Amino acid sequence: MAFGVCCRDLFTYATLLVSFVVGSNAIDVFLEWNVALEDSDNIRPVIVINGMFPGPLINVTTNDVVHVNVFNNMDEPLLFTWHGIQQRLNSWQDGVSGTNCPILPGTNWTYVFQVKDQIGSFFYYPSINFQKAAGGFGPIRVNNRDVIAVPFPKPEAEFDLLIGDWSYDDYKRTRSMLGTHQMTNVGISNVILMNGKGPYGHPLSKASESFTVTRGKTYRFRISNVGNALSFNFKIQNHLMVLVETEGSYTNQITLDSLDVHIGQSYSVLVTMNQDEADYYIIAAAKLIPLVFGQSFAGVGILHYSNSDARVTGPLPIGPHPYDLEFSVNQAKSVRWNLTTGAARPNPQGSFNIQNVTLSQTFILQGSMEEIQGLPRYTVNNVSYYTVDTPLKLADNFGNGGSGVYQLDAFPLDSVNDKAAYGISVVTGTHRGWAEFVFKNNMDVIDSWHLDGYGFFVVGFGKGDWTPDLRKTSYNLFDPVVRSTVQVYPRGWTAVYAFLDNPGMWNLRSQLLKHWYLGQELYIRVHDDDPDPAKERPPPDNLLLCGIFDHSKAPANSPVPFPAP
Ligand SMILES: *[C@@H]1O[C@H](CO)[C@@H](O)[C@H](O)[C@H]1NC(C)=O
Ligand SMILES: *[C@@H]1O[C@H](CO)[C@@H](O)[C@H](O)[C@H]1NC(C)=O
Ligand SMILES: *[C@@H]1O[C@H](CO)[C@@H](O)[C@H](O)[C@H]1NC(C)=O
Ligand SMILES: *[C@@H]1O[C@H](CO)[C@@H](O)[C@H](O)[C@H]1NC(C)=O
Ligand SMILES: *[C@@H]1O[C@H](CO)[C@@H](O)[C@H](O)[C@H]1NC(C)=O
């Protein structure tokens, strides 16, 4: 039995009802979201949630159950995904095209998921139809339960800081040109927004982001790269940062002057306000974009000391050169797991030691851009994912091994096909096996890979080609950090391990939006024949049907795989 306790008005429009589940500290958190496309200060319409851009904070504690009733008031189908939330035994709530039918315009659908055994900083966004380019994202904090110590003193306050590159082009226009030879002319990053606001001092910015702080106090900034194409270097003028957390792992605390954040990644840093009472620049400088008159292409906000009456002046502080990837790789290698601290559970993070694990599978996945039938597509091992109307998870549930919607294990998991082609890529992940993923990037951009359902143990980064001997010479198996999203440097490789103990249908993708939209993704099917629902959740009561299971459409569509080459 649950009883309503109170109504907290977190933000102007977001009403949060809280009730207690008897016999547990976990609570049920109820959210109601009205999602619409609205005019904005950012040149063109944005996707707002309850009138807000970015959307409302989801502020919960380990093991809470989140109910999000999404009302789709846009003119096209919608799905939200909860980036980094592992949806334990419950890929039904993951909100990507392979797991859920979209929420149709003018209808609502309620996600119900538990933030089981997790802590940390994450964010959410629309996952289909290229809508993420128009906003619809917002922060997620999963706080520690009171009984578990956090490995640093409680900060004075916490700030969510969602930063990302932004295009002035309408997302529908950009979308209509993706996959054509005109696509390089649309969706260009025109500006970098901080919490939806334009750079300080930029002629087109109606407002810029600013944080008011008190001298002598320490604050936690939860920084996420919600952008679509660009990595950035984050820096606060005259202030050092102590790195403490990334995507649900407490890191070894290292002091940094600046921090690289790649697409889809989140970090927490602590900043102590130990400078003169004044205003300071906060900058997010794009990587791999040339300097213009010595200045970066950057998002700019303000750190305002409460007693300061001085406005910032002068040039932006200079961080590492945008093409200095050596800096970036070295910093990435220095981000390590704190083995002794607890996180979501009291036992130390390091009690899960991977030094002697036996690998059951190795995936070698190369992201690249190729032409298929004369048109540009992004591929993994030369296969470009073809999105089908019937979610793979539904196909699995109602049919045996896919209902003919997909063919399991037709994807080349450790080699590149000679010829680029479409495919509905679904591969078997061995349940309870350790998988090694080696991501390769033959492109000139910093790629970023994300896996739903799991954390990656980030064991290595390298240049050039990957070979098995690098496991002995270039892997850190001692204290690799665990996170959901990893960068892959141009012409380089990144290696990660994952323990596939979470049955479900899980999306593995490039987090660069254009790459994802044009096919740089696949699904890992981790299946356990044991029908015990304690292993994998049955479909929710409000399961939506679509594709070949939409019986309102007669006759039922037969699955049409993809355009014949
Ligand atoms: C988030 O939740 C925590 C724990 O319940 C609470 O202490 C904090 O004030 C909340 N923050 C916001 C911004 O709601
Ligand atoms: C739609 O919203 C109504 C009203 O809040 C709610 O009762 C219903 O369960 C929601 N529908 C779904 C499918 O979640
Ligand atoms: C790791 O966490 C512990 C708390 O368990 C803390 O005392 C220690 O300083 C942390 N180590 C580093 C290197 O950050
Ligand atoms: C891994 O195996 C080696 C050799 O057997 C052993 O010395 C080491 O203690 C093991 N490490 C862990 C963390 O179990
Ligand atoms: C991928 O396919 C294209 C032709 O579609 C081919 O030119 C290219 O060499 C292939 N890539 C690899 C690594 O084999």
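The values are calculated or read from the model by the stated rules, or taken from the named source; none is laboratory data. Bear in mind the structure is a predicted one, so any value in this text is a computation, not a measurement. Virtual Cβ from ideal backbone geometry, glycine too; neighbours counted across all protein chains shown.
Among the residues of the stretch 471-506, the one identified as within 19 Å of N252 (Cα to Cα) and of a type in the set (D, E) is D479.
Residue pairs whose Cβ atoms lie under 8 Å apart, separated by 6 or more positions or on different chains, with the first residue in the stretch 344-359 and over 22 Å from S121 (Cβ atoms) and the second within 16 Å of ligand 3 (Cβ to nearest atom) and assigned to a loop (DSSP other than H, G, I, E, B), are Q355/F478.
Here I548 fits the description: modelled with pLDDT under 95, β-branched (V, I, T) and closer than 23 Å to G423 by Cβ. Looking across the stretch 209-230, the residues that are outside any strand (DSSP E or B) and surrounded by fewer than 18 Cβ atoms within 10 Å (Cβ to Cβ) come down to T214, R215, G216, K217. Considering the conditions (1) in contact with a Ser or Thr (Cβ under 8 Å, 6 or more places away or on another chain); (2) surrounded by fewer than 19 Cβ atoms within 10 Å (Cβ to Cβ); (3) farther than 29 Å from P346 by Cβ, P153 is excluded by exactly one of them, (3).
Residues checked against (1) within 17 Å of D528 (Cβ to Cβ); (2) away from ligand 5 (no atom under 16 Å from the Cβ); (3) assigned by TED's automatic domain parsing to the domain that holds R525:
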position	(1), (2), (3)
Y378	no, no, yes
T387	no, yes, yes
T390	no, yes, yes
N397	yes, yes, yes
S403	no, yes, yes
Y406	no, yes, yes
A410	no, yes, yes
S425	no, no, yes
T428	yes, yes, yes
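Looking only at the stretch 346-382, residues that are in contact with a Gly (Cβ under 8 Å, 6 or more places away or on another chain) and either farther than 25 Å from G460 by Cα or within 16 Å of ligand 2 (Cβ to nearest atom) (or both) come to 3 in all. Inside the stretch 43-87, residues that are out of contact with any strand residue (DSSP E or B) (no Cβ under 7 Å at 6 or more places or on another chain) and either at pLDDT 95 or above or in a strand (DSSP E or B) (or both) make up a count of 5.
Let me spell it out: the conditions are (1) closer than 11 Å to G519 by Cβ; (2) assigned to a loop (DSSP other than H, G, I, E, B), and S403 meets all of them except one. Which number is the exception? All conditions pass for S403, except number (1).
Within the option set L193, L178, L204, being under 19 Å from the mean Cα position of the chain (by Cα) and of a type in the set (A, V, I, L, M) holds for one residue only, L193.
The set of residues from the stretch 319-336 being of a type in the set (S, T, Y) and free of Cβ contacts under 8 Å to residues at least 40 places away in the same chain comprises just one member, Y323.
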